[in-house]
Amino acid sequence: MHKDHEMEFPIKALISFDKFLRQYDAMALSDDPQKAAKAKYILDAQAPYPELREGFEDVTLLEKHKDVIHIILQDAFSEVLGENEIKAASLPYFNLIFNSSKRLQKILDAAGKGYEPLIRDREEGLDYIMASTVILTFYYGFKLDYNRPYFYDIPDANGVIRHYRILYNADFIELFPTDLAKELTQDDVDELLANPHDLELWKEKIPPNSFISKGFVISNMFDVTSDQTISEIKSALISSDKRGNDNFTE
């Protein structure tokens with residue numbers, strides 16, 4: 001699939017629009033003729049391409065079917081709000097985006113021809129553990145408060161780096177166990193949480209490729225450049241003040 005998928009990961013990701021399209025399956029039966037007609041239009045556009053519902057790993061299909069995907073996702077990516085919203089469809093934890101909003105596309109175009117944004121400070125082990133916490137919450141049902149923010153750092157037309165925080169909407173993705181998935185107890189989870197950086201332990205409890213995700217997420221992005229700049233200034237001032245105190249003698 002994407003080069004990210006060469007990394008060891010607990011989830012094998014399939015891009016699919018099935019869960020999203022199920023809403024239109026129901027809408028097509030609506031008593032409202034306009035609503036039913038719109039749903040039928042979207043379903044008819046997808047129908048010749050069953051792989052869009054079955055799921056696929058080959059990201060070249062995103063380009064091949066981009067016009068159909070744009071039709072499928074039109075309600076999630078409003079034309080009216082496209083100039084303001086910074087968003088795209090994507091897979092969580094992977095450097096892959098598609099069906100970008102107009103504003104996001106302008107940001108990427110300004111960064112340079114063919115520019116592909118990369119998630120900041122990605123670490124293979126940490127991403128593995130973060131994905132595992134998602135599995136613990138959404139499949140095993142354990143309530144965890146274990147998260148980290150994700151950012152894109154993208155240059156503007158003047159070469160100034162702007163920072164965008166990513167928030168994922170995971171309403172349209174499903175998680176299924178494979179034969180590699182294990183039964184976990186509360187004791188197992190407690191052991192994992194007591195060892196949040198022990199990658200080998202996490203791999204033992206939640207093995208690589210032990211789950212399949214089917215769907216996509218919507219990545220909503222927010223320009224937090226000002227907040228980051230203020231934070232960096234504060235950190236610099238605190239560091240400077242600390243050095244001054246360290247150098248002060250009576």
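A few notes on this one:
- Each residue in region 61-110 was checked for being of a type in the set (Ser, Thr, Tyr) and modelled with pLDDT under 95, and 2 of them qualify.
- Candidate set from region 103-113 (those that are assigned to a helix (DSSP H, G or I) and basic (Lys, Arg)); member that is surrounded by the fewest Cβ atoms within 10 Å (Cβ to Cβ): 106
- Positions within region 81-102 being buried (at least 17 other Cβ atoms within 10 Å of the Cβ) and among the basic types (Lys, Arg), in sequence order: 87
- Residue that is aliphatic (A, V, I, L, M) and under 22 Å from residue 159 (Cβ atoms), where the choices are 111, 76, 88: 111
- Region 55-66, subset among the acidic types (Asp, Glu) and surrounded by fewer than 12 Cβ atoms within 10 Å (Cβ to Cβ), residue farthest from residue 214 (Cα to Cα): 63
- Of all residues in region 63-73, those satisfying the criterion of being of a type outside the set (Val, Ile, Thr) and either farther than 16 Å from residue 49 by Cβ or in a helix (DSSP H, G or I) (or both) are 63, 64, 66, 67, 70.
- The set of residues in region 135-179 that are β-branched (Val, Ile, Thr) and out of contact with any helix residue (DSSP H, G or I) (no Cβ under 6 Å at 6 or more places or on another chain) comprises 135, 137, 160, 161, 166, 173, 178.
- Qualifying residue in region 154-167 (condition: small (Gly, Ala, Ser) and surrounded by fewer than 17 Cβ atoms within 10 Å (Cβ to Cβ)): yes
- Of all residues making up region 28-44, the number that are touching a helix residue (DSSP H, G or I) at 6+ places or on another chain (Cβ under 7 Å) and either buried (at least 18 other Cβ atoms within 10 Å of the Cβ) or of a type in the set (Lys, Arg) (or both): 3
The values are calculated or read from the model by the stated rules, or taken from the named source; none is laboratory data. Being a predicted model, the structure only gives us computed values, none of them experimental. Here the Cβ is made from the backbone with ideal geometry for all residues, glycine too, and neighbour counts use every protein chain on show.
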